[in-house]
Amino acid sequence: MRGFRYFGMMFFCLLVFMGSTEAQLQMGFYSSSCPNAERIVQDYVNRHIHNAPSLAAAIIRMHFHDCFVRGCDASVLLNTTSSNNQTEKVATPNLTLRGFDFIDKVKSLLEAACPAVVSCADIVALVARDAVVATGGPFWRVPTGRRDGTISRSSEALNNIPPPTSNFTNLQTLFANQGLDLKDLVLLSGAHTIGISHCSSFSNRLYNFTGVGDQDPALDSEYAANLKARKCRSLNDNTTIVEMDPGSFRTFDLSYYSLLLKRRGLFQSDSALTTNSATLSFVNQLLQGPLQNFFAEFANSMEKMGRINVKTGTTGEIRKHCAVVNS
């Protein structure tokens, strides 16, 4: 009898395991329900990204910010509908996000082809990958089957998205909270190779680092002087845009990491990667290897990030419009 109970329990556990694995993401999830879904996304990206190549960085940032709050569920796309519920979109880290219209246009094409089938969460993940590839960056696998969340809170974005002023300890904690390790931290930061920033994200490093009108000593003084003279002329500049990888910001390459070693990482969070022996060692390792090695490692971390706390199966919904939950 005891043996039978043991067998029964094992069989039940197996069923639970099978149920959980069946509900996970998979390559070609839409192959039956919307066979042309991924082709529709890719074609639109390839036709339009060259009109605004900086959108590749913008949408990979959107994907990152989405996944770090409630998982990769497109909660970052939801509009605020009442003063009582401020969504992630209006949180300080997301006020400079761009690319919402681009996502909406892809969604409209997919709705025309296959109504209520392809999630906004999958669209963000696919567009991020396709935009980076179309502008010369690495390819990574994007398993699909994500469903869209119905909850979005600005406070959660503020608490979970790593700010540009992060020190190493803060970065390590916020990444670990999402199941990401120090290697992922270094690799995902590498997307800054095609990034741009507003002065407000780092001007404290130039003008008021510790609150007494001083400059961050970890920032190369010549680079800081150049930024002050040519870009961010005051602490209050909120509009000027600065390349995060000057001279190479349209190219997905290793120069971002080279700049870190020259103390020319734009953000405090960039500079923080050189303050820990493990992350510094990995930066050096990447620089000593071929570009294709960085591409392969980056691809692994992007796929890992794209799986954070995803909603699958019957959890969540497939939004009809990405900015609002279904009525």
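The values are calculated or read from the model by the stated rules, or taken from the named source; none is laboratory data. Source: prediction; values computed, not measured. Note that each Cβ is placed from the backbone with ideal geometry, even for glycine, and that neighbours are counted across all protein chains shown. These accessible areas exclude ligands, DNA and RNA; they are computed on the full protein's heavy atoms, side chains included. Shrake-Rupley method; radii C 1.70, N 1.55, O 1.52, S 1.80 Å.
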What is the calculated FRET efficiency for ALA116 to GLU303, with r their C-beta to C-beta distance and R₀ = 35 Å, to the nearest 0.05? 0.85
If one takes the longest principal axis of the Cα atoms in the chain, at what angle in degrees, from 0 to 90 and to the nearest 10, does the Cα axis of helix 2-22 lie? 50 degrees
Give, as a single signed number, the net charge of other residues whose beta carbon lies under 13 Å from the beta carbon of ARG129, with Lys and Arg counted +1 and Asp and Glu -1. -3
May I ask you to compute the full-extension gain from ASP101 to PHE139, defined as 0.36 nm times their residue separation minus their alpha-carbon distance, rounded to one decimal in nm? 11.3 nm
With N residues in the chain, Rg(alpha-carbon) / (2.2 N^0.38 Å) equals 1.07
Degrees between helix 55-67 axis and first principal axis of the chain (Cα, 0 to 90, nearest 10): 60 degrees
Which order do the peptides 133-144, 274-285 take when ranked by the mean count of other beta-carbon atoms within 10 Å per residue, highest first? 133-144, 274-285
Ratio of Rg to Rh over region 137-292 (Cα coordinates, Kirkwood Rh, two decimals): 0.98
Approximate spin-label separation ASP181-SER281, in nm, with each point projected 7 Å along Cα-to-Cβ: 1.2 nm
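Among 75-82, 64-71, what's the highest-first ranking by average C-beta atoms within 10 angstrom per residue?
Working: 75-82: 20.0, 64-71: 25.0.
Ranking the peptides 75-82, 64-71 by packing returns 64-71, 75-82.
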Measure off, as a whole percent, the carbon and sulfur share of the 1.4 Å-probe accessible area of region 178-327, all protein chains present. 50 percent
Taking a straight Cα-to-Cα line shorter than 16 Å from LYS183, and setting aside same-chain aspartates and glutamates fewer than 8 residues away, one finds ASP270, GLU297, GLU303
Degrees, to the nearest 10: 37-48 long Cα axis against longest axis of the chain: 20 degrees
Provide the gained length on full extension for the span SER234 to ALA296, in nm with one decimal, where the gain is 0.36 nm per separating residue minus the Cα-Cα distance. 18.3 nm
Kindly write out, for region 166-180 in residue order, the coupling ³J(HN,Hα) from the Karplus curve 6.51 cos²θ - 1.76 cosθ + 1.60 (θ = phi - 60°), rounded to whole Hz, with x marking Gly and Pro. 5, 8, 4, 4, 5, 4, 4, 5, 5, 6, 4, 4, 9, x, 9
